[in-house]
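One structure below.
The values are calculated or read from the model by the stated rules, or taken from the named source; none is laboratory data. Keep in mind that what you see is a predicted model, and the values were worked out from it rather than measured. Every residue, glycine as well, gets a Cβ built from its backbone with ideal geometry; the counts of neighbours run over all protein chains shown. The protein model used for the area step is the full one, side chains on, heavy atoms only, and it has no ligands, DNA or RNA in it. Shrake-Rupley method; radii C 1.70, N 1.55, O 1.52, S 1.80 Å.
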There are 2 protein chains.
Amino acid sequence: MTDQPLWTLQLGHSEVDELAARADPEAPLAGVRFAIKDNIDLAGHPTTAACPALAAKPAGASATAVRLLLEAGAVPVGKTNLDQFATGLVGTRSPYGACHSVASPAHVSGGSSSGSAVAVASGLVPLALATDTAGSGRVPAACNGIVGVKPTRGLVSTTGVLPAVADLDCVTTLTATVSAARPALAALTWADPNDPRSRPMPPRAPAAVAARMRVVAVPDMALELDPPHQEAWTAALDRLRGVAAHVVPVDVAAFLEAGRLLYEGPWLAARYAAVGGHLEPDGPHLDPTVRRIVLRGRDIAGAEVFAGLERLATLRRQTEPVWADVDALMLPTTPGHPTIAEVAADPVGVNARLGRFTTFANLLDLCAVAVPAGERADGLPFGVQFVAPAFADAPLLDLAAAWCGEPVAPPAATAGSTLLAVAG
Amino acid sequence: MTDQPLWTLQLGHSEVDELAARADPEAPLAGVRFAIKDNIDLAGHPTTAACPALAAKPAGASATAVRLLLEAGAVPVGKTNLDQFATGLVGTRSPYGACHSVASPAHVSGGSSSGSAVAVASGLVPLALATDTAGSGRVPAACNGIVGVKPTRGLVSTTGVLPAVADLDCVTTLTATVSAARPALAALTWADPNDPRSRPMPPRAPAAVAARMRVVAVPDMALELDPPHQEAWTAALDRLRGVAAHVVPVDVAAFLEAGRLLYEGPWLAARYAAVGGHLEPDGPHLDPTVRRIVLRGRDIAGAEVFAGLERLATLRRQTEPVWADVDALMLPTTPGHPTIAEVAADPVGVNARLGRFTTFANLLDLCAVAVPAGERADGLPFGVQFVAPAFADAPLLDLAAAWCGEPVAPPAATAGSTLLAVAG
């Protein structure tokens, strides 16, 4: 249990019991309790996105992702706290209060999916829905020692998700293990005719996707990590040699430069397009940092957006040759683990640094899995992520499972794992 | 011959002869003279984009498209007039003067590739390079009774092309026949590592691409054409029944709505991003209509751009089911053929109407071929276009050839046609 402000809403016992009674006992997730990040609709309850002003209006229908988990037998227990409007990677930007890492009350939980990560890491639920635009699923997974799977954009519908950057938002799972994520992802993967960004898994894997991930790349340069992170990263590099058949260094400068675009301008206009209407009038229902950041998006010119898209296209092209030679890329999920006090002292700078290794994935149309990678000397969790081209989701999960010492082939043929194998 | 202002630059006889002497006589386009729209670089000569202020600076290198034609043995003879900065579909927006249709001095040539179309339709060259963002290749093809092939975006490099809307610009061929376009397209189709938007033809055709185009759709509604256009369109519909195995009506409202996005806001910001730097100071080197239009792009907010992209994604999704049931779509290329006086009286309105059926193709990632479809009762040419999903270029060319009564299989195995068959 935990006394953290991780819930924006907990369902009553009777409602949970009723939903559980309704689930097909033969369904792949029958009875599995799950938490829902509160930027994802659950029918009959408000979606606040951590903005209490939105608490008055219940959602008319559940998000497609929630509906699919319900159909797979899973049982929702509540909505979870987040950095407001999913704008942040720290977990402190919420009028509902700041979460902290399950490993340390002084250190951030990561965000924006703070409550979902804490719920899973505290053992309250085995599964939580999150979202990940710039790292919002992976960063809190790393800060709490759990697994965050950010699928290829479009594989999981975002219908019923309050957008942050609509073109980039990905529904993400948080679980304690890769094996626990598999049946959830199988249930969630569905081409939604109502989501214009939905993309089916292609019948044949694209050329850049390896059937088995043998060659794993790591950055060929020093990464400017916090010292305890650096120690843990060095250990992770050693460990990788026991997991991957081949470990090769690659230049990741273009990846990281692409990631910086997300915070340095054009895409702020997308956030303003998504939630700008909620920023006036100001009041205690608005997180001051989030409001300041998103308002900057109002003043970005359309021509800057197109210039940014141009720059992104060039960087994306620069990164593509990497995938001809390697199957996946391993990076630390974060460069460090800041304290809540450090975030308070420099809310924007600390947040931006925290996303250094996660912001590029959706801009470059990659899938990614964040996994635990032991503990730092100070006992805080350390996490790495594996990143691969779009639609490499299934082999990437197997690589993550191998890293975690879990079964690489999906476990015994449940309906869920079969579906995933077919989808992959 | 013609006394129209179709050239911005004609190469001297000695330069042309020298280039011709340099060409490999065995090359697929050996000795074929071609004209180059003056927004495409030819090494050693300025690229004015019909802005005389740009005439001082020669291009350091030829555009990739020009280089590929040169390598295939073709011989450039000059640069052609256009609606300034490729912003217009009329052919009148140029300080170098207004072109007119080869069929009527009172009627527009169409644009923006006005000079290239007139050069081919007048018989001065058998081939011209054009560009087509909103219809700039297809509209002047229709206004002059020739063939305009707008390939799938990315198949032909835009390196060395002055952008109009960089994400949408397509190099296009203008020729008298489909057969004349084939070897040029074969030479032009090349994945350019220096063009971030370049895309190779996929090794296997996407699911939506038919190997042979049997089912051709036509709009299920009246199209509000000019009366002489309507008569010619009715005749074209009759003729189509002799060309396509199946003709079916479809709802094209979402296609046309997507097309309107191009002129109604967000994408003007892309034009401003591309050429806004050339608009100050004002002077006689700037076309007043073009300047006014592009300056509107300066005031478009980034959030509007993202909202427009959102709307486009939804419309694109709405149009996709069409391709499950039909192989190609036939539409008139234009809704009418305005006079130069009509354009002068309403420069923006007449221009926008002229693009009603062409603006959607690049936004929706389609390929298109504009072909002649007889004459109207008043002797002006009438044209139709065939439109199909991305990468359907080869079967679409065959459909266009069948329409024109030309060989459907590529003609005798020249190097060029072999290349196209491999690419397709």
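Can you pull out every residue in the range A:139-156 that is among the aliphatic types (A, V, I, L, M) and under 11 Å from the mean Cα position of the chain (by Cα)?
Residues satisfying the conditions are A:Val139, A:Ala141, A:Ala142, A:Val147, A:Val149.
Among what's in the range A:156-192 and is of a type in the set (S, T, N, Q) and in a loop (DSSP other than H, G, I, E, B), pick the residue that is surrounded by the most Cβ atoms within 10 Å (Cβ to Cβ). So that I can check it myself, show each step before the final result.
Filtering the range A:156-192 down to residues of a type in the set (S, T, N, Q) leaves A:157-159, A:172-173, A:175, A:177, A:179, A:189.
Add one more test, that the residue is in a loop (DSSP other than H, G, I, E, B), and what stays is A:157-159, A:177.
Values: A:Ser157: 23, A:Thr158: 25, A:Thr159: 19, A:Thr177: 17.
This residue is A:Thr158.
Being at pLDDT 95 or above and away from every other protein chain (no Cβ under 14 Å) is a property that does not hold for A:Ala303. Looking across the range B:306-341, just one residue is surrounded by fewer than 22 Cβ atoms within 10 Å (Cβ to Cβ), away from chain A (no Cβ under 14 Å) and of a type in the set (D, E, K, R), and that is B:Asp325. If you go through the range A:200-222 and keep only what is surrounded by fewer than 16 Cβ atoms within 10 Å (Cβ to Cβ) and within 14 Å of chain B (Cβ to nearest Cβ), you end up with A:Pro200, A:Pro202, A:Pro203, A:Arg204, A:Pro206, A:Ala207. Summed over the range A:94-121, the residues that are over 19 Å from A:Val161 (Cα atoms) and in a loop (DSSP other than H, G, I, E, B) give a count of 13. Quick check: anything in the range B:252-269 open to solvent by 70 Å² or more (accessible area, probe 1.4 Å), closer than 30 Å to A:Leu309 by Cβ and either within 14 Å of chain A (Cβ to nearest Cβ) or among the basic types (Lys, Arg) (or both)? Within the range B:252-269, one or more residues are open to solvent by 70 Å² or more (accessible area, probe 1.4 Å), closer than 30 Å to A:Leu309 by Cβ and either within 14 Å of chain A (Cβ to nearest Cβ) or among the basic types (Lys, Arg) (or both). Looking only at helices (runs of 4 or more DSSP H) that fall completely inside the range A:210-300, which ones have 1 or more residues that are acidic (Asp, Glu)? Hits in the range A:210-300: A:227-240, A:253-263.
Kindly indicate whether A:Pro140 is at pLDDT 95 or above and assigned to a loop (DSSP other than H, G, I, E, B).
Criteria not met by A:Pro140.
Being open to solvent by 30 Å² or more (accessible area, probe 1.4 Å), closer than 30 Å to A:Ala373 by Cα and basic (Lys, Arg) is the requirement here; does A:Arg353 meet it? So A:Arg353 passes the test. Here is the figure for the range A:156-199: residues that are away from chain B (no Cβ under 14 Å) and either touching a Leu at 6+ places or on another chain (Cβ under 8 Å) or among the small types (Gly, Ala, Ser) (or both) total 21.
Here B:Gly277 fits the description: within 14 Å of chain A (Cβ to nearest Cβ), modelled with pLDDT of 95 or more and over 24 Å from the mean Cα position of the chain (by Cα). Mind checking whether some residue in the range A:135-155 is open to solvent by less than 20 Å² (accessible area, probe 1.4 Å), within 14 Å of chain B (Cβ to nearest Cβ) and charged (D, E, K, R)? No, the range A:135-155 contains no residue that is open to solvent by less than 20 Å² (accessible area, probe 1.4 Å), within 14 Å of chain B (Cβ to nearest Cβ) and charged (D, E, K, R).
Residue-level analysis places A:Ala303 among those that are in a helix (DSSP H, G or I), open to solvent by 10 Å² or more (accessible area, probe 1.4 Å), without any contact (Cβ under 8 Å) to a residue 12 or more places away in the chain and farther than 30 Å from A:Val243 by Cβ. Within the range A:282-295, does at least one residue satisfy the condition of being among the polar types (S, T, N, Q) and either open to solvent by 60 Å² or more (accessible area, probe 1.4 Å) or facing chain B (nearest Cβ under 10 Å) (or both)? So far as the range A:282-295 goes, no, none of its residues is among the polar types (S, T, N, Q) and either open to solvent by 60 Å² or more (accessible area, probe 1.4 Å) or facing chain B (nearest Cβ under 10 Å) (or both). Screening the range B:79-103 for residues that are small (Gly, Ala, Ser) and on the phi > 0 side of the Ramachandran plot and picking the one that is surrounded by the fewest Cβ atoms within 10 Å (Cβ to Cβ) gives B:Gly97. Counting the residues of the range A:32-56 that are open to solvent by less than 40 Å² (accessible area, probe 1.4 Å), in a strand (DSSP E or B) and over 14 Å from A:Thr159 (Cβ atoms) gives 5. Of the residues making up the range B:226-249, those that are open to solvent by less than 20 Å² (accessible area, probe 1.4 Å) and either touching a Leu at 6+ places or on another chain (Cβ under 9 Å) or within 30 Å of B:Val348 (Cβ to Cβ) (or both) are B:His229, B:Ala232, B:Trp233, B:Ala236, B:Ala244. Taken together, B:Thr234, B:Thr189, B:Thr177 contain a single residue that is within 16 Å of B:Ala370 (Cα to Cα) and modelled with pLDDT of 95 or more, which is B:Thr177. Looking at the structure I just gave you, is B:Val408 farther than 30 Å from A:Ser198 by Cβ and either modelled with pLDDT under 95 or open to solvent by 10 Å² or more (accessible area, probe 1.4 Å) (or both)? Criteria met by B:Val408.
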